[in-house]
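**Student:** What follows is a structure written as structure tokens; I'll ask about it next.
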Amino acid sequence: MATAAIEVPRKSEAGARAIRRDPPLVRWGLTVLALGALGAFIVLPLAAVFVQAFAKGVPAYLAAIREPDTLSAIKLSLLVAGVSVPLNVVFGVAAAWAIAKFQFKGKNVLVTLIDIPFAVSPVVSGLIFVLIFGAQGWFGEWLSDHDIRIVFAVPGIILATTFVTFPFVARELIPLMQSQGSDEEEAALTLGASGWQMFFKITLPNIRWGLLYGVVLCTARALGEFGAVSVVSGHIRGQTNTLPLHVEILYNEYNYSGAFAVASLLSVIAVITLTLKKFLEWKTKEGAK
Amino acid sequence: MSIEVSHIRKFYGTFAALQDVSLRIEKGELVALLGPSGSGKTSLLRIIAGLEVPDSGSIHLNDEDATNATARERQVGFVFQHYALFRHLTVAENVAFGLRLRPRATRPAEAEIRERVRKLLDLIQLDWLGDRYPHQLSGGQRQRVALARALAVEPRVLLLDEPFGALDAKVRKELRRWLRRLHDDLHIASVFVTHDQEEALEVADRVAIMDHGKIVQMGTPAEVYDNPANAFVYQFLGDVNLFHGRAEAESSVSYVRPYELEITRQTETVNGAVLAKVRHIAAAGPAVRLELLREDTGHALEAEISRDRYRELRLSIGDTVGVTARNVRVFAKQ
Amino acid sequence: MSISFKKPSILPGFWPAFSYTVLYLSLIVLIPLSAVFLKSVTSSWAHLWEVVTSPEVVASYKLSFGASLVAGLVSVVVGFLVAWVLVRYQFPGKALADALVDLPFALPTAVAGIALTTLYTEHGWLGRYLAPLGIKVAFTPLGVVVALTFIGLPFVVRSVQPVLADADAELEEAAASLGASRWQVFRLVIFPVVRPALLTGFALAFARALGEYGSVIFIAGNMPMKTEITPLLIVSKLEQYDYAGATAIAAVMLTASFLMLLAINALERRTRRFMVMG
């Protein structure tokens with residue numbers, strides 16, 4: 001789906017051809033309309049986050065961030081991303097290798113199956129792990145007998161996050177590796193490379209920017225996931241609260257400035273993500289030469 | 001180092017890419033695999049290199065069975081059609097790649113690797129481009145780097161897939177002569193794939209002409225050109241006219257090359273000539289090409305005559321001329 | 001000439017990579033998802049039917065479906081406009097505008113949810129101008145539409161943009177040389193090229209909107225029968241420990257998601273073919 005596709009719009013030819021030079025009135029009218037829409041739909045919400053975050057001044061902002069529950073939410077979010085992103089990176093590389101470089105039956109089915117988590121509602125993504133590991137779930141009894149907690153605990157949050165971010169890296173790498181073909185790998189083999197030498201010296205360097213792009217998108221989503229994590233977390237303050245869940249709790253307690261302060265952290269991450277995304281799109285375009 | 005290919009078959013699904021192909025290439029020979037696209041020539045080359053697995057048959061390198069050897073074990077130098085240069089490595093790093101991969105025991109010292117790279121870059125006359133990246137090079141330069149990279153590991157045979165296919169006409173001519181000289185210096189068995197008959201006939205010691213997954217004829221350029229085995233080879237090696245004489249068997253077809261048509265000023269069918277009308281004259285170039293329309297059958301003919309002869313005849317469009325064939329080839333209908 | 005599962009290749013590593021892919025896919029995605037369907041058949045069909053057709057749930061379908069549809073359509077119009085301007089015109093700050101389009105992808109949904117709510121309440125930056133006109137956004141179905149449009153917009157822009165950028169100027173020149181007016185060129189040449197991409201963008205936005213949770217629940221207000229979306233009902237059933245009920249609704253949603261996924265795949269294949277042909 002479009003979330004993960006590399007969008008590298010060609011350098012536009014606007015203005016280069018007479019046919020594409022619309023009358024100034026049309027041009028300016030449409031530009032103003034489009035920018036107005038972007039402003040109202042996208043810039044204003046972002047601005048609102050920061051304005052509300054600092055509504056009670058900088059000291060209040062810093063206090064909200066330094067609060068122990070906030071700090072533990074930051075730690076948990078980082079832990080969750082730190083586990084689920086590497087898992088999905090290994091999977092993504094393996095899947096892309098099998099799918100992009102080989103011809104086999106049922107390939108399209110496999111690609112569609114990999115996309116499933118994008119199509120599933122976040123809430124359902126969380127629910128499935130409750131159904132398996134929850135008190136009434138498949139393994140519920142066994143788990144409680146052995147005193148293992150998965151749902152309403154950190155492992156459940158990691159599982160749900162891994163599910164939600166599952167396709168990102170694979171989705172990024174499959175088209176990239178397909179477009180690069182297998183010539184360079186074959187050349188490496190004829191020059192005497194072993195399988196791993198070929199992979200680490202040729203394949204990996206060739207996909208590095210695309211891989212990083214996938215990692216950036218995957219990490220952003222892992223840190224920001226709300227619906228799925230909300231279902232499996234149990235909302236235990238200081239224990240199973242990720243950053244987005246903490247935003248919700250503060251907001252529902254009418255602690256708006258606190259909620260927006262934490263939200264501003266997530267917004268900064270989002271802006272960094274966008275910047276990295278742009279940079280990596282430019283890099284992959286360079287690498288495609 | 002010789003290459004022996006025996007009874008190779010290769011199917012893609014139900015499509016027979018190679019049907020019982022056998023050939024032998026001796027050390028020091030430069031052989032061209034020539035054929036139209038889809039004739040199986042690239043598949044054959046890739047099978048020799050170990051890049052593709054045949055369904056049956058065997059490959060011997062230096063009279064040792066290499067059928068089940070991997071590409072890595074075969075030690076062939078392969079030059080890819082689109083060069084397959086490693087885009088993240090410089091020219092020098094590309095050339096050194098195969099040497100640096102080797103296990104410590106057999107790897108030359110770094111200084112020696114550098115020296116060998118320098119020599120190879122000298123050889124391809126690109127010593128000043130060692131620090132560039134592939135995307136900064138022209139097509140002809142990339143082609144030579146690909147060749148240097150393949151040669152760096154001192155391959156036992158050299159295989160080239162459409163080596164000049166992506167280059168413009170002038171660079172092509174230069175490079176193919178250069179390749180011929182290089183091959184003579186190296187004295188290994190080399191095979192290159194091409195669909196350009198001029199290239200194959202000019203450069204190769206022997207030419208294997210392929211059609212529909214089979215080698216239809218193999219021989220020196222002169223042999224295949226002068227004694228084509230069938231109508232396909234004859235047509236593939238040059239421009240042709242279908243040329244039916246009067247006494248024509250139903251089961252055969254006759255051809256003649258444009259420069260083997262004699263044009264005379266006459267309006268009567270004497271001396272075995274057929275009459276034709278001049279429809280178009282292309283007078284630029286070393287020879288003059290005439291487009292003719294036979295008056296008896298209505299078939300078009302193409303003739304090539306020298307400029308001197310053209311001036312002598314003083315032809316213009318609409319003239320009726322006599323056409324005689326000097327060298328008609330008759331083949332059984334296929 | 002054997003018809004085998006995999007075409008032979010000299011590249012190494014297919015079986016390890018393929019096996020790991022299938023194993024990991026099964027463990028993380030397929031087996032957990034099958035739980036929804038397997039769990040839902042453990043209760044009686046009659047009960048399941050009762051749950052998924054109860055008035056509250058049906059009202060949520062109407063809202064989720066209707067709001068997603070409207071939001072998808074708004075996204076198509078606005079997204080096309082934005083894509084057009086970004087591809088065709090030059091203006092200062094264009095690169096920034098282009099980057100901002102992706103913000104809804106990158107911004108956590110909960111953050112988007114509270115930010116939109118703040119903007120559209122009666123005293124919010126936008127709400128205060130809409131209130132005198134009698135337009136209430138926050139805590140109404142209209143609020144749901146606003147949130148889903150925020151989520152859906154980038155899908156349309158990013159589907160249309162590459163197609164518009166790749167469109168061949170010569171087609172337009174050919175049409176103009178044949179006597180077409182500017183508007184005719186747009187209607188008869190440009191629009192047909194972009195239409196499949198618009199449809200794909202709409203489908204992506206719509207599918208995402210159907211399941212969206214975080215950005216909606218804050219602005220919706222979650223009033224029973226009025227502004228409760230379907231995913232919210234799953235959560236509230238879970239909070240009441242009604243696992244069977246939650247699972248039944250989830251099964252309905254999953255079925256809808258799969259249908260959308262298939263439709264989107266078909267559309268994307270068609271878009272690609274169209275691009276290749278064009």
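The values are calculated or read from the model by the stated rules, or taken from the named source; none is laboratory data. What you see is a predicted model, and the numbers here were worked out from it, not measured in a lab. No Cβ is skipped: glycine too gets one built from the backbone with ideal geometry, and neighbour counts run over all protein chains shown. When the accessible area is computed, the model is the full protein with side chains, heavy atoms only, and any ligands, DNA or RNA have been set aside. Shrake-Rupley method; radii C 1.70, N 1.55, O 1.52, S 1.80 Å.
**Student:** Could you tell me the ratio Rg/Rh of the protein assembly as shown? Both radii from Cα atoms, Rh via Kirkwood.
**Tutor:** Over the Cα atoms of the protein assembly as shown, Rg/Rh equals 1.08.
**Student:** Please work out how much accessible surface residue C:39 shows to a 1.4 Å probe, ignoring ligands, DNA and RNA, in Å² rounded to 10.
**Tutor:** Its accessible surface works out to 50 Å², give or take rounding.
**Student:** How large is the convex hull of the C-alpha atoms of the stretch C:1-42 per residue, in Å³?
**Tutor:** Convex hull of Cα atoms, per residue: 84 Å³.
**Student:** Hey, another quick one. In deg cm²/dmol, rounded to 500, what helix-only [θ] at 222 nm does chain A give when every DSSP H run of at least 4 residues adds -39500 (n - 2.57) and the total is split over its residues? Walk me through the intermediate numbers first.
**Tutor:** Values: 15 runs with 207 residues, N = 289.
Rounded to the nearest 500, the figure is -23000 deg cm²/dmol.
**Student:** Let me know the Kirkwood hydrodynamic radius for the stretch A:135-206, please, with Cα pairs as the basis and the value in Å to one decimal.
**Tutor:** After inverting the mean inverse Cα-Cα distance, the result is 15.9 Å.
**Student:** Let me ask something additional. Ignoring everything except DSSP H segments at least 4 long, calculate the 222 nm mean residue ellipticity for chain C; use -39,500 (n - 2.57) per segment, divide by total residues, nearest 500.
**Tutor:** -23500 deg cm²/dmol
**Student:** Let me ask something else. Taking beta carbons within 10 Å but only from partner chains, what does the mean come to for residues A:94-104? It would help to have the intermediate numbers written out before the result.
**Tutor:** Numbers: counts 10, 7, 2, 9, 11, 3, 0, 6, 10, 5, 7.
Other-chain Cβ atoms within 10 Å of each residue's Cβ, averaged: 6.
**Student:** Grab the eigenvalues of the alpha-carbon gyration tensor for the stretch C:167-206, scale each by 5, take roots, and send me the semi-axes largest first in whole angstrom. Can you show the working numbers first?
**Tutor:** On the way: eigenvalues 129, 17, 5 Å².
Ellipsoid half-lengths, sorted descending, are 25, 9, 5 Å.
**Student:** Same structure, new question: Could you tell me what fraction of 2.2 N^0.38 Å the Cα radius of gyration of chain A comes to, as a two-decimal ratio?
**Tutor:** On the way: Rg = 22.8 Å, N = 289, 2.2 N^0.38 = 18.9 Å.
With N residues counted in chain A, Rg over 2.2 N^0.38 Å equals 1.20.
**Student:** Treating only the Cβ of Lys, Arg, Asp and Glu as charged (+1, +1, -1, -1), what charge dipole size does the stretch B:199-334 show about its Cα centre? Round to the nearest 20 debye.
**Tutor:** Dipole magnitude for the stretch B:199-334 comes out near 260 debye.
**Student:** What's the tally of Lys pairs in chain B whose alpha-carbon atoms lie under 29 angstrom apart, where the two lysines are 8 or more places apart or on different chains?
**Tutor:** 17
**Student:** So, one more: What figure, in Å² to the nearest 10, do you get for the accessible area of residue A:225 with a 1.4 Å probe and non-protein molecules left out?
**Tutor:** We get 10 Å² for residue A:225.
**Student:** Mean projection of the alpha-carbon convex hull of the stretch B:214-305 over all orientations, in nm²?
**Tutor:** On the way: hull surface 30.9 nm².
Averaging across all directions leaves 7.7 nm² for the Cα convex hull.
**Student:** Ignoring ligands, DNA and RNA and using a 1.4 Å probe, state the total buried accessible area between A and C in Å², rounded to the nearest 100.
**Tutor:** 9300
**Student:** With +1 assigned to the C-beta of every Lys and Arg and -1 to the C-beta of every Asp and Glu, and no other charges, what is the dipole magnitude of the stretch C:44-277 about the Cα centre in debye, to the nearest 20?
**Tutor:** With only Lys, Arg, Asp and Glu charged at Cβ, the dipole is about 360 debye.
**Student:** While we're looking at this one, here's another question. Bin width 10 Å, origin at 0, all Cα-Cα pairs of the stretch A:129-259: what percent of pairs per bin?
**Tutor:** 12, 27, 22, 19, 15, 5, 1
**Student:** Post the alpha-carbon centroid distance, the stretch A:55-121 to the stretch C:165-204, in whole angstrom.
**Tutor:** Spelled out, the Cα-based centre of one part sits 38 Å from the other.
**Student:** Now for a separate question. Rounded to whole Å, give me the distance from the Cα center of the stretch B:109-178 to that of the stretch A:222-257.
**Tutor:** Computed from Cα coordinates, the inter-centre distance equals 60 Å.
**Student:** Moving to a separate point now. Beyond 33 Å, what share of the Cα-Cα pairs of chain B is found? Please give it as a whole percent.
**Tutor:** 41
**Student:** Divide by every residue of chain B the summed helix terms, -39500 (n - 2.57) for each DSSP H run of at least 4, and state the resulting mean residue ellipticity at 222 nm, rounded to the nearest 500 deg cm²/dmol.
**Tutor:** -8000 deg cm²/dmol
**Student:** Let me ask another. Give me the base-10 log of I(q)/I(0) for chain C at each q in 0.08 Å⁻¹, Debye formula, one uniform scatterer per Cα, rounded to two decimals.
**Tutor:** Results for chain C at q = 0.08 Å⁻¹ read -0.47.
**Student:** Sticking with this structure for a sec: Sequence-distant or interchain residues sharing an amide H contact under 5 Å with residue B:295, placed H: which?
**Tutor:** For residue B:295, the qualifying residues are B:275, B:276, B:277.
**Student:** Hey, got a sec? Which chymotrypsin sites (Phe, Trp or Tyr not before Pro) in the stretch C:172-278 land in a DSSP loop and have at most 16 other Cβ atoms within 10 Å? Let's see the in-between values first.
**Tutor:** Numbers: sites: C:183, C:186, C:202, C:206, C:213, C:218, C:241, C:243, C:258, C:274; in loops: C:213, C:241.
Within the stretch C:172-278, the qualifying chymotrypsin sites (Phe, Trp or Tyr not before Pro) (loop, at most 16 other Cβ atoms within 10 Å) are C:241.
**Student:** Which of the lysines could a cross-linker span from residue C:136 if the Cα-Cα distance has to be under 25 Å and same-chain partners fewer than 8 positions apart are dropped?
**Tutor:** Qualifying lysines at Cα under 25 Å: C:62, C:226.
**Student:** Around residue B:261, under 14 Å between beta carbons, what's the net of Lys plus Arg minus Asp minus Glu among the other residues?
**Tutor:** 0
**Student:** To continue, here is another question. Averaged across A:254-266, how many Cβ atoms of other chains sit within 10 Å of each residue's Cβ atom? Intermediate results must be reported in sequence, preceding the final value.
**Tutor:** Values: counts 0, 0, 2, 0, 0, 5, 4, 0, 3, 8, 1, 1, 6.
Other-chain Cβ atoms within 10 Å of each residue's Cβ, averaged: 2.
**Student:** Here's something else I'd like to know. How much accessible area does residue C:225 have with a 1.4 Å probe, in Å² rounded to the nearest 10?
**Tutor:** 110
**Student:** Hey, got the dipole for the protein assembly as shown? About the Cα centre, +1 on K and R Cβ, -1 on D and E Cβ, debye to the nearest 20?
**Tutor:** 1400
**Student:** Who wins for biggest fluctuation among B:68, B:227, B:271 in a Gaussian network model of chain B, springs between alpha carbons below 10 Å?
**Tutor:** Fluctuation is largest for B:271.
**Student:** Follow-up question, since we're still on this one. Need one number: nm distance between label points at residue C:263 and residue A:144, each 7 Å from Cα along Cα→Cβ, rounded to one decimal.
**Tutor:** For the pair residue C:263/residue A:144, the computed spacing is 4.1 nm.
**Student:** Next question. Need the full-extension length gain, residue C:22 to residue C:240, defined as separation in residues times 0.36 nm minus the C-alpha distance. One decimal, nm.
**Tutor:** Stretched out fully, the residue C:22 to residue C:240 stretch lengthens by 74.9 nm.
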